[in-house]
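The values are calculated or read from the model by the stated rules, or taken from the named source; none is laboratory data. Everything numeric in this text was worked out from a predicted model, so none of it was measured. So basically every Cβ, Gly included, is an ideal-geometry build from the backbone, and we count neighbours across all protein chains shown.
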Amino acid sequence: MAEILVLVDHVDGEVKKVTLELLTLANRLGEAAAVWVGPGYEGAKDKLGEYGAGKVYVAADEELTAYVVAPKAALLAKLVNDGSPAAVLVSATAEGKEIAGRLAVKTGSGVLTDVVDVGEGLVAEHSIFGGGIISHARVRTGTPIIAVRPNSVAPEASPAAAAEERVSVELSDADKAARIVEKVVQEKGERPDLTEAAIVVSGGRGVGGAENFSIIEGLADSLGAAVGASRAATDAGWYPHSFQVGQTGKTVSPQLYIAVGISGAIQHRAGMQTSKTIVAINKDAEAPIFELVDYGIVGDLFQVAPQLTEEINKRR
């Protein structure tokens, strides 16, 4: 079977969930081969093997992570030119999409971004207009470079050998044009990461103000959940934009998604509609969100959410 390269997304050696999704997808299409850049591989190799990496190309040189995305694109270009893989999969994050674009230029290949699935013949699926239309596309030139939206594919364990192959690449002056001079670690609370959480509780316009997001946070904390917000709430300044769920925010696909005071505009639905179980609390019985939910509560969130939090805490 043809080799599918998967660029590993990791932070200090901790493999991000999106990489496990990409490995799962790659094994459906061919033979998954992970590409690791930077230090920390030793602590991650078992995880990569567990999710189907038959081979791991390891470029452990710290210099490759001393510059902004260009070195990763250069390394992938070398692997593409040397090995002729069937495709390259990266995460459709801001960094991943820039790497995909640079790689496409370096290899003379076509690139597809914000893909939600890839089928037989490397036909990519896109969900557009808030999920109202599904389109399909295929790269016709060079090696297909595909940026897949996080939380689009359910990761599946599929143990493989994870045979290690050390690789390197010589960086050009252009690759070194933008050096990283400082890294600041963002303070992280006890809540899980929004895009990787099993449970997400999101608040919307109905919350009424920044001071009322404590209700959302209280419910989330009772469940060990991440906190999200609709675009209306983040645009109003009630919650940081980094927590926005939706077409222009983050895509989530948790086991349980609770929408509190969210009407269910198509923009928001596009970012959470693949959640396994969806619960909504809204005082408007005609709110569009109720068309999507598994369980709906028509009521005042200021009464329902605190009662729900109290009951959950009693049962913990």
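Observations
- The conditions of being under 25 Å from residue 126 (Cβ atoms), within 26 Å of the chain's Cα centre (by Cα), assigned to a loop (DSSP other than H, G, I, E, B) and at pLDDT 95 or above are met by residue 262.
- Options 126, 136; residue that is exposed (fewer than 14 other Cβ atoms within 10 Å of the Cβ), of a type outside the set (D, E, K, R) and not in a loop (DSSP other than H, G, I, E, B): 136
- Selection count where residues are touching a Gly at 6+ places or on another chain (Cβ under 8 Å), within 18 Å of residue 99 (Cβ to Cβ) and assigned to a loop (DSSP other than H, G, I, E, B), scope the range 1-28: 1
- Condition met for residue 12 (surrounded by fewer than 17 Cβ atoms within 10 Å (Cβ to Cβ) and of a type in the set (D, E, K, R)): yes
Condition check ((1) touching a Pro at 6+ places or on another chain (Cβ under 8 Å); (2) outside the structural domain of residue 201 (by TED's automatic domain parsing); (3) crowded, with 23+ Cβ neighbours inside 10 Å) across all residues:
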residue	(1), (2), (3)
228	no, no, yes
234	yes, no, no
243	no, no, no
247	no, no, no
257	no, no, yes
262	no, no, yes
271	no, no, yes
298	no, no, no
311	no, no, no
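- Top-ranked residue of the range 15-41 - restricted to ones that are more than 13 Å from residue 157 (Cα to Cα), in contact with a Phe, Trp or Tyr (Cβ under 8 Å, 6 or more places away or on another chain) and not small (Gly, Ala, Ser), ranked as surrounded by the most Cβ atoms within 10 Å (Cβ to Cβ): 36
- Considering residues of the range 265-309 that are free of Cβ contacts under 8 Å to residues at least 24 places away in the same chain and part of a strand (DSSP E or B) only, the residue farthest from residue 212 (Cα to Cα): 277
- Qualifying residue in the range 49-59 (condition: crowded, with 18+ Cβ neighbours inside 10 Å, of a type in the set (Ser, Thr, Tyr) and in a helix (DSSP H, G or I)): no
Okay, residues lined up against (1) within 30 Å of residue 21 (Cα to Cα); (2) modelled with pLDDT under 95; (3) among the β-branched types (Val, Ile, Thr):
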site	(1), (2), (3)
228	yes, no, no
232	yes, no, no
242	yes, yes, no
252	yes, yes, yes
271	yes, yes, no
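- The range 72-94, subset free of Cβ contacts under 8 Å to residues at least 40 places away in the same chain and of a type outside the set (A, V, I, L, M, F, W, C), residue surrounded by the fewest Cβ atoms within 10 Å (Cβ to Cβ): 82
- Residue that is farthest from residue 11 (Cα to Cα) [pool: residues in the range 187-221 that are buried (at least 20 other Cβ atoms within 10 Å of the Cβ) and among the hydroxyl-bearing types (Ser, Thr, Tyr)]: 202
- A search for C-beta distances below 9 Å between a residue of the range 195-219 that is farther than 20 Å from residue 314 by Cβ and touching a residue at least 24 places away in the same chain (Cβ under 8 Å) and any residue that is acidic (Asp, Glu) and surrounded by 20 or more Cβ atoms within 10 Å (Cβ to Cβ), counting only pairs 6+ apart in sequence or on different chains, returns nothing.
- For the range 29-40, the set of residues classified as outside any loop (DSSP other than H, G, I, E, B) and in contact (Cβ under 8 Å) with a residue 40 or more places away in the chain consists of 29, 32, 33, 34, 35, listed by residue number.
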